[in-house]
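Colleague: Below: one structure in structure tokens.
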Amino acid sequence: MSVVILSDVHANIQALRAVLDDVAKVAPSAPIWHCGDVVGYGASPNEVIAELQRVGATGVMGNHDLAALGDEIVESFNEGAYAAAMWTREVLTAPSREWLRALPRVLEMGSATLVHASLRDPIMEYVADAATAEESLRGLNTPLLFHGHTHIPAIWELRGEVAHLTAVSEDPIALHGLSLVNAGSVGQPRDRDPRAAWLLWERDEESAGLGRVTWRRVEYDIPSAQEAIDAAGLPDSLASRLAVGR
Ligand code: ZN
């Protein structure tokens, strides 16, 4: 059975619609999971939440979702992220807020755990080095963890006692053991590829449920997403970075 994993949509409805079109072609009946940061940065938070509700997405809370709900975590944000969080607080509808507030911080789904950031700190910790990856890998109750937060696709795999970073491409990658799999970002990629990223996980029930993962990259209407950010009065930097993917 396949599963679609989306992360860091960041209120980018143009990117999400393009991704869901691709999902409809590649994995039309697969359940959709998300790793949080549904809102923040982008100009269409209510539209993105409605779309995720429509496709029955199941997922977890990100730092930007928490900030949009009024949490003081916003005080640690940089200028652009802060401005977007304050704007999002103003425009979120009551049903959108309710949907966001119901997101758990950690979700175990069979052989996989979902968090936004890391297992140790599901909201805020960036997994960007081996020592941090090892902390999360050793604490897992499941063989796999899917996450986001860095906006960069990655696999950290525990071999012996050491976390190794596996090179990621658009080819399917077989998972061999305890792994953290970062789905990348739908709505604000930061790996210098501006195309929206999503992850297909093809489970293999015979090998402890590990299976293989494939990153898909999808072109979308970046100018429309940028115009929406400008029209909302959000910082220009949030629009311009979409074109360069960083
Ligand atoms: Zn994010």
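The values are calculated or read from the model by the stated rules, or taken from the named source; none is laboratory data. Since the model is a prediction, treat every value here as computed from it, not as a measurement. Don't worry about glycine lacking a Cβ; one is built from the backbone with ideal geometry, like all the others, and counts go over all protein chains shown. All accessible areas refer to the heavy atoms of the entire protein, side chains included, with ligands and DNA or RNA removed. Shrake-Rupley method; radii C 1.70, N 1.55, O 1.52, S 1.80 Å.
Colleague: Pairs under 9 Å by beta carbon, first residue over 30 Å from Pro31 (Cα atoms) and among the β-branched types (Val, Ile, Thr) in the stretch 56-85, partner within 15 Å of the ligand (Cβ to nearest atom) and not in a helix (DSSP H, G or I), six or more apart or different chains?
Modeller: Note: pairs meeting the criteria are Ile73/Ile123; Ile73/Met124.
Colleague: For the stretch 62-86, name all the residues that are open to solvent by less than 10 Å² (accessible area, probe 1.4 Å) and not in a helix (DSSP H, G or I).
Modeller: Gly62, the sole residue that qualifies.
Colleague: May I pose another question? Is the stretch 40-58 home to any residue that is in contact with a Gly (Cβ under 7 Å, 6 or more places away or on another chain), in a strand (DSSP E or B) and within 13 Å of the ligand (Cβ to nearest atom)?
Modeller: no
Colleague: In the stretch 156-187, which residues are open to solvent by 10 Å² or more (accessible area, probe 1.4 Å) and closer than 24 Å to Asp221 by Cα?
Modeller: Those that are open to solvent by 10 Å² or more (accessible area, probe 1.4 Å) and closer than 24 Å to Asp221 by Cα: Ser169, Glu170.
Colleague: Oh, and also: Please work out which residue is farthest from the chain's Cα centre (by Cα), limiting yourself to the stretch 233-246 and to residues that are open to solvent by less than 30 Å² (accessible area, probe 1.4 Å) and within 10 Å of Ala84 (Cα to Cα).
Modeller: Only one residue tops the list, namely Leu234.
Colleague: Further question on the same structure: Checking the conditions here, which among Asp193, Asp204, Asp221, Asp171 is among the acidic types (Asp, Glu) and in contact with a helix residue (DSSP H, G or I) (Cβ under 8 Å, 6 or more places away or on another chain)? Spell out how you get there, then give the answer.
Modeller: Working: Asp193 fails: in contact with a helix residue (DSSP H, G or I) (Cβ under 8 Å, 6 or more places away or on another chain); Asp204 fails: in contact with a helix residue (DSSP H, G or I) (Cβ under 8 Å, 6 or more places away or on another chain); Asp171 fails: in contact with a helix residue (DSSP H, G or I) (Cβ under 8 Å, 6 or more places away or on another chain).
Among Asp193, Asp204, Asp221, Asp171, only Asp221 is among the acidic types (Asp, Glu) and in contact with a helix residue (DSSP H, G or I) (Cβ under 8 Å, 6 or more places away or on another chain).
Colleague: Do we find that Thr142 is closer than 23 Å to Tyr220 by Cβ, in a loop (DSSP other than H, G, I, E, B) and touching a strand residue (DSSP E or B) at 6+ places or on another chain (Cβ under 7 Å) in this structure?
Modeller: no
Colleague: Taking only the stretch 140-155 into account, find how many residues are away from the ligand (no atom under 16 Å from the Cβ) and surrounded by 24 or more Cβ atoms within 10 Å (Cβ to Cβ).
Modeller: Number of matching residues: 2.
Colleague: Now for a different question. Going through the stretch 112-126 one residue at a time, which ones are within 13 Å of the ligand (Cβ to nearest atom), aliphatic (A, V, I, L, M) and closer than 17 Å to Leu199 by Cβ?
Modeller: Across the stretch 112-126, the qualifying residues are Val115, Ala117.
Colleague: So, in the stretch 166-180, how many residues would count as being in contact (Cβ under 8 Å) with a residue 40 or more places away in the chain, among the β-branched types (Val, Ile, Thr) and outside any loop (DSSP other than H, G, I, E, B)?
Modeller: The total comes to 1.
Colleague: Mind checking which residues of the stretch 1-32 are assigned to a strand (DSSP E or B) and away from the ligand (no atom under 16 Å from the Cβ)?
Modeller: Passing the criteria: Ser2, Val3, Val4, Ile32.
Colleague: Go through (1) closer than 15 Å to Gln226 by Cα; (2) surrounded by fewer than 24 Cβ atoms within 10 Å (Cβ to Cβ) for Val9 and report which single condition fails.
Modeller: Of the numbered conditions (1) closer than 15 Å to Gln226 by Cα; (2) surrounded by fewer than 24 Cβ atoms within 10 Å (Cβ to Cβ), the odd one out for Val9 is (2).
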